[in-house]
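Beneath this line is the structure, given in C-alpha cells, with notes to follow.
The values are calculated or read from the model by the stated rules, or taken from the named source; none is laboratory data. Predicted model, so just to flag it, every value in this text is computed and none were measured. Note that we place each Cβ from the backbone using ideal geometry, even for glycine, and neighbour counts take in every protein chain shown. These area figures cover heavy atoms from the full protein model, side chains too; ligands, DNA and RNA do not enter into them. Shrake-Rupley method; radii C 1.70, N 1.55, O 1.52, S 1.80 Å.
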Amino acid sequence: MDIIALKGIGEKTAGLFSKLGITKAQDLLHYYPRDYEQFAPYVRINDAVAGERCAVRGTITGNMSVKHIRNLSILNFTIQDATGIIQMTYFNMPYLKNSLKKGTFYIFRGLLQQKGNRLIMEQAQIYKPEEYEKIAGSMLPKYMLTKGLSNNMITKAVRQSFIVCPAKEEFLPEDLLKKYHFMAREEAMYQMHFPSDRETLVQARRRLVFDEFFLFLLMLRKEKEANNLLPNNYRMIEVADTVRLIEALPYRLTNAQQKVWSEIKSDLCGDTVMNRLVQGDVGSGKTILAFLALIMCTANGYQGALMAPTEVLAKQHFETLIQFKKQYGLRIQPVLLTGSTSARDRKEIYAQIADGEADIIIGTHALIQEKVLYHNLALVITDEQHRFGVRQREALAGKGNSVHVLVMSATPIPRTLAIILYGDLHLSVLDELPANRLPIKNCVVNTSYRDTAYRFIIKEVEAGRQVYIICPMVEAGEMEDLEDVISYTAKLKAVLPSTIQIAALHGKMKPAEKNRIMEEFGAHHIDVLVSTTVIEVGINVPNATVMMVENAERFGLAQLHQLRGRVGRGKHQSYCIFISKSENKTTMERLKILNESNDGFYISSQDLKLRGPGDLFGIRQSGDLKFELGDIFQDASILQQASEEADKLLSNDPDLNSPEHTALCRFLESSDVNTVDFRTI
C-alpha cells in the first residue's frame, strides 16, 4: 500500500516521508525509533545528577534576559525549588519571555550540565505539571525527522501501518524460537515501536537483531561456498613493473605491507579466484597495495577497476596514479569515471574501456552502470568495503567473468568479528603504521571546555591550519540534546572571528554540493568544516590538524578512531578533542581509552569489551557494517549465536529443502531480503 493511502497523509506529506526513504506503509514498520522518551518522575534540583537527562519542577526567578549575537538570540533565566537553582538557556526562542510567567510552577526536562558552581540546562522541554503527570512513566518512540514532519505524525502513520499491513510470516525454525526464547517476529516489530516497558523492548530488539545477522550470514555463507569453487580464469605471473616501483618509492614498505602484498600476488597467480579483504588502520598503506595489484594486472594484459565510495576520493586516487605514471614511467592508461563526468567525456571513456585502451578504470558507482562494457576485466578493487553492499561488489565483479576481488577497509574490526562478517573473503591485516607519522594528541573533556577549544581552533587557523568539527545530527529536531550541523555552523559563525571561513557538510546535500565543499576544503578555501560522519571516508587533507567531536559519548570507540584518522596526515602536530555531554564516570572512562592508544585494533577490541546490551541507542555506526538495528560491537554475542546457528543449519540442510525451512527459504528468496543490503548506507 502506498503511504498516501494512510489517513492524514496527502501528497505534500508523502513527499516529506519519501525524503526519509518511506514510500509504502510497509516501510514504516521498519523505520525503527532512534531513541525513546522515557518520562521519569521529576526530581528535586539537589537530587538531579549533572551529565544526565532529568525533569525538575521549579518556578522562574529573577529577570529573563535576551541578548543578540549576530543572527543568534540567547534567552537566559533561572528557576528554583526549595533545594537549588538552575540557569536555563534557550537559543532563538525569544518568545518564551512572554509566554512563561514568573511565580508559576513548570516542569523543565533536559540534560543537566555543571559549569563551575552553576547548574545549567539548555533548550529544555517545558511542561505544565498536569501535562507531565499524564506521560510520567511512559516510553514514547522518537524517530529521525525531516523538516515539516513531526514525531507525532510519524507515530500515527506507524500505528496505522500495523493495522493495514498483512501480518509477518514467522520464518525462524521452531527449534531456534524455543532455544533462545524469542518472541514472535510480528510482536517484536510492534514492541520496537511501542514498547510495554524497557525489558520487553530489550527482548524485541534482541529478536530482530538476531534475524538481521542470521539472514545476512546465511546469504554470505552460500556466497562463499560458490566463490570457493571458482577457478582462476586470469592466472597472472609476477612482473618487473611492480618490483621496480617498490624499489623506486621514497619509502620502504612496512613488514606488514610486504606480507600482504605477498598474499595478493599469491592469489592472483593461484588456482582459484581471489576474494580477499585487506583490513588496515587509517594510514597503514592500503592504497599503494591496491596500485601494485592494478599494475600487476595491466602488465599481464588485463584490465583492473578501483571503485571508491566518493567522487573526491576517486579523483584523488586517479590523480595519484597519474603522478606515479609520470614520476616512475609506468606503462598504464588510467581513466576516471564518476557521476559528474560530462556526457561527451563519458562516451569517449566508455569506448576506451570497451576496446581495452584504458587498462585501469577508477571511479564510483558509475563503474557498474549498464553502459560500461569492459574489454577483459580481471581485477576489481573496492575501497572502503562498508560503503558498498555485497550486491554492489557483485555487480562490479559481474562485469567480468569470475574476476579477482580485493576489498580494502580502514574499519578496525577485531579479528573474531571480522572472520564472521567477512565470511566470503580471505582476511589480510595491516597491523603496522609507517614509522614517520606523528602520534595524534587527544583529550576527552566535558562541554565546559568548549570555549577553550574554540580559542585553540582560532590559534590553529591563524597558524594556517584547518579544522574538522563533527556533529551527530544534520538539523535541529532530529534528536534532542544532540548537536546538529546546521545550528552548530550558525553558532560557530557567531562566536569565531569573521575572517575564519566556515562551511557545513552533511549527507542530505546533493552529491555535487558535497564534492564541491570537500574539494574547497582540500584546496584550503575553507578553514573550519562542520560535518556529520560523512567525512569519515573523505579527501586526504594533510593540512587539517584538529578534529573536534561533539556528543562523543554517543559514538562507538571504533568510529571515533575512524574519524580521528582524518587528521595526523601531514607534517604538523595534530590534535583530537572529544567533547562529551555526559559526565557519567563509565562513559568518560570508556572515552579515555582513546587517550591511551592510536591503535585502531586495540581500540576496537576495547570497544567490544565495554559496549553492552544496556547501551540501546548510540549514533548508528557508519564506520561499521551497516545493519538496520544490529551493532557488531554492542551485539557481538548475538552475532556469535547467529553465526553458529547459520553454520549448523547449512551443515544439516545445505539447500534448505527440509519442510521446517520452507518459510525461511521463501523469505530469503523474497524481495525483502534481496533488495535490502545490510552493508549499504
Q | Cα centroid separation - the range 320-360 against the range 50-98, whole Å | A | 60 Å
Q. Residues with beta-carbon under 13 Å from that of SER73, excluding SER73: net charge, scoring Lys, Arg +1 and Asp, Glu -1?
A. +4
(Q) Restricting to DSSP H runs of at least four residues, report the calculated mean residue ellipticity at 222 nm for the chain, -39500 (n - 2.57) per run over all residues, nearest 500 deg cm²/dmol. (A) -11500 deg cm²/dmol
**Q.** Per principal axis, descending, Cα span of the range 91-173 in whole Å
**A.** 58, 30, 28
Q: For ALA544, enumerate residues with amide H under 5 Å from its amide H, sequence gap 5+ or separate chain, H modeled in the peptide plane.
A: GLN466
Q: Only Cα pairs under 8 Å and at least 6 apart count here; give the relative contact order of the range 31-143 as a rounded whole percent.
A: 34 percent
Q. Of (1) 0.98; (2) 1.07; (3) 1.02, which is the value of Rg/Rh (Cα atoms, Kirkwood Rh) derived from the coordinates here?
A. (1)
Q) In Å and whole numbers, how far do the C-alpha atoms of the range 264-360 stretch along each principal axis, longest first? A) 40, 31, 27
Q: Please tell me the relative contact order of the chain in percent, rounded to the nearest whole number, where contacts are Cα pairs under 8 Å and at least six residues apart.
A: 13 percent
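Please give the charge dipole size of the chain, origin at the Cα centre, charges +1 on K and R Cβ atoms and -1 on D and E Cβ atoms. Round to the nearest 20 debye.
Roughly 2300 debye, rounded to the nearest 20.
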Q) How far is helix 343-354 tilted, in degrees, relative to the longest principal axis of the Cα atoms in the chain, given as a value from 0 to 90 rounded to the nearest 10? A) 40 degrees
Q. Can you flag which of LYS24/LYS648; LYS156/LYS178; LYS508/LYS609; LYS459/LYS493 are past 26 Å Cα-Cα?
A. LYS24/LYS648; LYS156/LYS178; LYS508/LYS609
Q. Which value, to two decimals, describes the C-alpha radius of gyration of the range 547-593 once divided by 2.2 N^0.38 Å?
A. 1.19
Q. Ignoring any ligand, DNA or RNA, what whole percent of the accessible area of the chain comes from carbon and sulfur when the probe is 1.4 angstrom?
A. 51 percent
Q | For VAL380, distant residues with modelled amide H under 5 Å away | A | ALA305, HIS404, VAL405, LEU406
Q | Placed amide H near THR272: partners under 5 Å, 5+ positions off or other chain | A | ASN232
Q.
Would you report the distance distribution of C-alpha pairs in the range 456-518 as whole percents per 5 angstrom bin, up to the bin with the largest distance?
A. 3, 16, 22, 24, 20, 11, 3, 0
Q: With everything on Cα atoms, drop me the angle between helix 311-328 and the longest principal axis of the chain, reported from 0 to 90° to the nearest 10.
A: 40 degrees
Q: Enter the Cα centre distance for the pair the range 296-312 and the range 455-521, rounded to the nearest angstrom.
A: 34 Å
Q.
What is the angle, in °, between the Cα long axis of helix 600-610 and the longest principal axis of the Cα atoms in the chain? Nearest 10 is fine, range 0 to 90.
A. 40 degrees
Q. Which percent, nearest 5, of DSSP beta bridges in the chain are antiparallel?
A. 40 percent
Q. What lysines could a cross-link reach from LYS286, if we take a straight Cα to Cα line under 18 Å and drop same-chain neighbours fewer than 8 places away?
A. LYS259, LYS265, LYS315
